[in-house]
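Everything on this sheet refers to the single structure shown next.
All of the numbers you see were taken from the coordinates with simple rules; none came from a lab. None of these values were measured; they are calculated from a predicted model. Reconstructed Cβ throughout: ideal geometry from the backbone, glycine too, with neighbour counts over all protein chains shown.
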């Protein structure tokens with residue numbers, strides 16, 4: 001389950017590094033409880049009042065109950081950090097690192113299934129819930145209220161920047177957010193759009209979801225399939241970016257590792273078409289998203 | 001990174017997979033010591049070489065000379081042939097298509113096999129098997145493999161995984177009349193993200209298959225070399241329009257391009273920087289983006305940033321802007337529309353207002369959407385173009 005409870009406590013693996021130590025004060029000032037950090041060789045140090053441990057196991061033994069862990073480890077060390085967390089018994093992991101090799105990504109996904117754990121990412125911008133004061137990762141930056149105010153719309157996005165941009169767009173149109181999360185733009189997302197949307201079916205706060213998709217892969221198509229099958233019942237609004245890339249050579253990566261058209265796979269126009277056919281509201285223009293959300297909220 | 005056929009075959013050979021006796025030819029002077037008949041294969045990155053005349057046969061010395069003369073320097077799907085792989089022809093009993101790649105549906109590696117290989121595999125029925133990355137020896141039912149030896153398949157799966165391939169495609173993998181298994185082709189794609197754990201990956205940089213890059217595209221790609229802090233210019237395309245685009249973020253840049261085109265603007269390029277790059281990278285990318293002649297506008301655009309330091313990156317932009325004017329003498333008097341927000345944006349905007357009063361600058365933040373700012377730059381660029389036209393007429 002990705003929905004952490006109010007007051008959830010998390011660890012930060014690799015939090016003493018550049019990115020982690022930049023984001024730690026942002027999380028703490030939002031009210032997020034980061035109760036320990038992990039960095040081999042730095043055990044015993046304290047960062048902004050947060051005790052640092054050599055291992056996840058040690059951290060858990062000392063600070064007691066922990067709901068999950070956020071990983072700031074470099075890409076090449078991410079797989080071993082995930083293993084360490086899962087083997088220590090943690091069931092909730094969020095991976096921020098970009099450029100995790102695809103092989104490692106596939107192993108991480110298989111491990112998550114084996115351990116029956118919720119693993120978000122790689123390359124996730126984070127998770128935020130403005131009402132519960134949950135903020136993990138860089139999502140919303142240093143001042144999350146600029147983009148995210150409490151409400152009943154969930155945002156699930158391949159793009160980190162655009163998850164906040166959607167939050168901002170909703171806010172500018174008088175709407176607020178229940179959960180916003182980055183699934184990451186890698187080929188293998190341990191939690192994909194459908195995984196989040198399925199869980200949001202049971203979330204009382206969420207009335208509808210906005211998904212931000214782009215060229216590459218089949219995660220958007222899977223949403224269409226599950227809406228069509230009646231498994232996703234709450235209304236979904238989608239925006240799919242990257243239509244202009246269809247005029248450029250294929251087999252080229254645009255930004256994210258998974259943003260690539262291979263053969264006929266991953267074309268934005270096809271994604272839009274199957275989503276529309278399944279009954280998902282697809283925004284033609286980004287600025288239309290809020291109107292579509294209002295429309296489905298009225299009709300829902 | 002896509003490998004040339006000969007590079008891929010070297011990896012297969014090193015892993016114990018049979019390939020034909022072969023020789024790599026770089027010029028007509030190279031002496032061929034193979035046994036006729038031969039197959040001559042142009043080494044280009046794009047597929048469908050045979051249809052384009054990139055694969056020819058030679059039964060004797062005369063045919064060899066004629067065909068090498070014909071192939072060297074020939075253009076196959078926009079790539080000029082500089083290297084030819086000469087191979088001894090194989091007597092084929094049966095052909096197969098085999099590929100291993102990652103599938104977003106199973107979120108893991110998948111093996112695809114079809115009974116007869118050759119060109120046109122896209123239309124043929126193929127069997128696909130999901131591979132569990134935690135336990136690679138999955139295929140136990142011999143019948144499923146159409147008679148392909150299980151050890152060979154296991155060997156290929158191990159090679160794919162151990163060497164961080166994104167794609168291994170052998171088309172065809174053949175059984176010879178003497179019962180040997182030989183890979184007649186190899187299309188291999190390496191995972192660039194895994195480069196640092198493969199010291200033996202010493203492949204020279206290469207371009208997109210079937211596409212001739214421009215000078216700016218090559219320059220932009222170099223910005224990230226040897227510096228892993230953030231990214232700038234790793235994907236860059238010159239486009240036929242008149243509005244230079246300096247976009248931020250993977251998803252943000254895609255959205256920006258789509259809305260600019262919808263607003264009637266014509267982008268002069270696609271590129272992006274993201275992940276909080278140092279200002280030097282943004283400076284270099286700014287110079288490349290603005291080096292194009294006949295621009296009528298510049299759009300600096302991004303979603304509200306989470307991590308990227310707006311002050312740092314826009315400082316780099318200012319440097320780049322100044323450099324272009326001093327280095328190239330270009331006027332840069334066209335409209336510049338900036339739509340940015342995120343960490344330290346207030347400081348950044350103060351700096352912009354103070355530092356670049358000698359440019360036609362228009363600043364927007366969260367009150368203006370990406371799409372609205374696209375309309376503004378499209379409009380302003382058109383006005384500027386009209387003005388320029390009038391000046392040149394009079």
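On average, how much area does the Cα convex hull of region A:79-159 cover when viewed from any direction, in nm²?
Value for region A:79-159: 6.1 nm².
Quick check on region B:215-393: what are the equivalent-ellipsoid semi-axes from the Cα gyration tensor, as sqrt(5λ), descending, whole Å?
Taking √(5λ) for each eigenvalue gives 22, 18, 16 Å, largest first.
Using Stokes-Einstein with the Kirkwood hydrodynamic radius over Cα pairs, what translational diffusion coefficient do you get for region A:147-300 at 4 °C and a viscosity of 1.567 mPa s, in µm²/s rounded to a whole number?
Translational diffusion coefficient: 85 µm²/s.
Could you compute the FRET efficiency for residue B:177 and residue B:126, with r as their C-beta to C-beta distance and R0 at 22 Å, rounded to 0.05?
0.30
So what's the convex hull volume per residue for the Cα atoms of region A:1-123, in Å³?
94
Is there a simple number for the mean count of other chain Cβ atoms within 10 Å of the Cβ of residues in A:160-173, and what is it?
So the per-residue partner count for this stretch is 6.
Across 20 Å bins from 0, what is the distribution of all Cα-Cα pair distances for the protein assembly as shown, in whole percents?
17, 47, 30, 6, 0
Rounded to the nearest 5, what is the percent of antiparallel bridges among the DSSP beta bridges in region B:215-393?
Rounded to the nearest five, the antiparallel share is 20 percent.
Per 5 Å bin, what is the whole-percent P(r) computed from every C-alpha pair distance within region B:265-363?
2, 13, 25, 28, 19, 10, 2, 0
Please check: in the Gaussian network model of chain B (C-alpha springs, under 10 Å), which one of B:227, B:200, B:191 has the largest mean-square fluctuation.
Answer for the Gaussian network model of chain B: B:200.
Based on the Cβ-Cβ distance from residue B:162 to residue A:28, what FRET efficiency comes out when R0 is 35 Å, to the nearest 0.05?
About 0.25, to the nearest 0.05.
Just need the Rg to Rh number for region B:196-236, please, alpha carbons only, Kirkwood Rh.
Radius of gyration over Kirkwood radius for region B:196-236 works out to 1.00.
What is the list of residues in region B:85-104 whose amide nitrogen lies under 20 Å from a point 7 angstrom out from the Cα of residue B:57, following Cα to Cβ?
B:85-96
On alpha carbon coordinates alone, what is the Rg over Rh value for region A:212-288, Rh being the Kirkwood radius?
Result for region A:212-288 is an Rg/Rh of 0.98.
In degrees between 0 and 90, to the nearest 10, how far off the longest principal axis of chain A does helix A:160-172 point, with axes built from Cα atoms?
70
Would you give the gap between the C-alpha center of region B:301-337 and the C-alpha center of region A:272-300, rounded to a whole Å?
A separation of 35 Å, based on Cα centres.
What residue among A:248, A:215, A:94 shows peak mean-square fluctuation when chain A is described by a Gaussian network model with Cα springs under 10 Å?
Top of the fluctuation ranking is A:248.
Out of B:168, B:207, B:330, any idea which swings most in a Gaussian network model of chain B, alpha carbons joined below 10 Å?
Greatest mean-square fluctuation among the candidates belongs to B:330.
Calculate, in whole percent, how much of the Cα-Cα pair population of region B:21-88 lies beyond 14 Å.
I get 51 percent for the Cα pairs in region B:21-88 exceeding 14 Å.
For helix B:5-14, report the angle its Cα long axis makes with the longest principal axis of the Cα atoms of chain B; keep it between 0 and 90° and round to the nearest 10°.
Helix B:5-14 and the main axis of chain B meet at about 60 degrees.
Could you let me know the centre-to-centre spacing of region A:87-113 and region A:36-73, using Cα atoms, in angstrom?
Their Cα centres are 18 Å away from one another.
Once both labels are modelled 7 Å past Cα along the beta-carbon direction, what's the residue B:91-residue A:21 spacing in nm?
The two pseudo-label positions are separated by 7.0 nm.
Once the principal axes of the Cα atoms of region B:225-303 are found, what is the range along each, listed largest first in whole angstroms?
36, 26, 16
Nearest 10 degrees, 0 to 90: what angle lies between the long axis of helix B:250-262 and the longest principal axis of chain B (Cα atoms)?
Its long axis makes an angle of about 70 degrees.
Given the alpha-carbon gyration tensor of region A:151-203, what are the semi-axes of its equivalent ellipsoid in whole angstrom, ordered largest first, with each equal to the square root of 5 times an eigenvalue?
So the three semi-axes of region A:151-203 are 20, 15, 5 Å.
What is the spin-label model distance, in nm, from residue B:30 to residue A:228 if the labels are put 7 Å beyond Cα along the C-beta direction?
4.9
Region A:53-108: Rg/Rh from Cα coordinates, Kirkwood Rh?
0.98
Would you please state the base-10 log of I(q)/I(0) at q = 0.17, 0.26, 0.31 1/Å for region B:1-56, with intensities from the Debye formula using one equal scatterer on every alpha carbon?
At q = 0.17, 0.26, 0.31 Å⁻¹ the computed log10 ratios are -0.67, -1.28, -1.29.
Please compute the Kirkwood hydrodynamic radius over chain A, one decimal place, Å, based on all pairs of different Cα atoms.
Working: mean 1/r = 0.0518 Å⁻¹.
19.3 Å is the Kirkwood radius here.
With r defined as the distance between the Cβ atoms of residue B:325 and residue B:207 and R0 fixed at 45 Å, what FRET efficiency is calculated, to the nearest 0.05? Mind showing how you got there, number by number?
Numbers: r = 31 Å, r/R0 = 0.69.
That gives a FRET efficiency of 0.90.
In Å and whole numbers, how far do the C-alpha atoms of chain B stretch along each principal axis, longest first?
Extents along the principal axes: 79, 52, 37 Å.
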